[in-house]
Amino acid sequence: MTATTRPHADNNRSKVVLFFQNDATKDNNKPALKGMITLAGGAGYTAALWSGDREDGKGLYLTGKVTAQDAVAALRSRHDAIQAPQFGVAPPGLDLTPCQIVLFETPKEQMAENGKRPNFYGYMRTADGYYRLAAWNSKTGQGSPMLAGNVQVNQQWDGVPEPTTPQQRAPKSRAPRAGQGTA
């Protein structure tokens, strides 16, 4: 598989491509992974993640930031930091700021139960909303290690899907125009 950091040509698919940075160490504060996250519809984000050991002893975690590739989206993320996301919900017990990403290593016992589970799972928050990420160990065409996976809008936890497109969201109520009363 040949990896690239350009957005995926198929705008109906999401994609996570993160490359290991060989020069990153705990001492130099360089990100352990850098890459690209492309959402369905084509919105692209660059990502930089740093690694650490989970306090519960169940593996590694990766945390970092995402930056919108589109200038308007990048500016919007700065100004929308105090607004509620348009879609997706925050996972229980995890409060992400806009442009933050976190990935957790899937515990070994869960990988043993189902070998198809992603090696890392996690969440990303953009100015628009919350996304769930899944990433598997992979290699570039040159044999370098990388993570590759997918992204989806994070659904509500009560089993009811959160609207993901403007057509699926309830229309905003409008105030009656002058001369129009309410029924």
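A few notes on this one:
- Structural descriptor for segment 15-153: relative contact order 23 percent, calculated from alpha carbon pairs under 8 angstrom and at least 6 residues apart.
- Sequence of D70, D95 once ranked by neighbouring C-beta atoms within 10 Å, starting from the fewest: D95, D70
- Extents of segment 15-153, taken as max minus min of Cα coordinates on every principal axis and listed largest first, are 40, 33, 32 Å.
None of the figures in this text is laboratory data; all of them are computed from the coordinates on show. Given the structure is predicted, the values throughout are model-derived calculations rather than measurements. Using ideal geometry, Cβ is built from the backbone for each residue, glycine included, and neighbour counts are taken over all protein chains shown.
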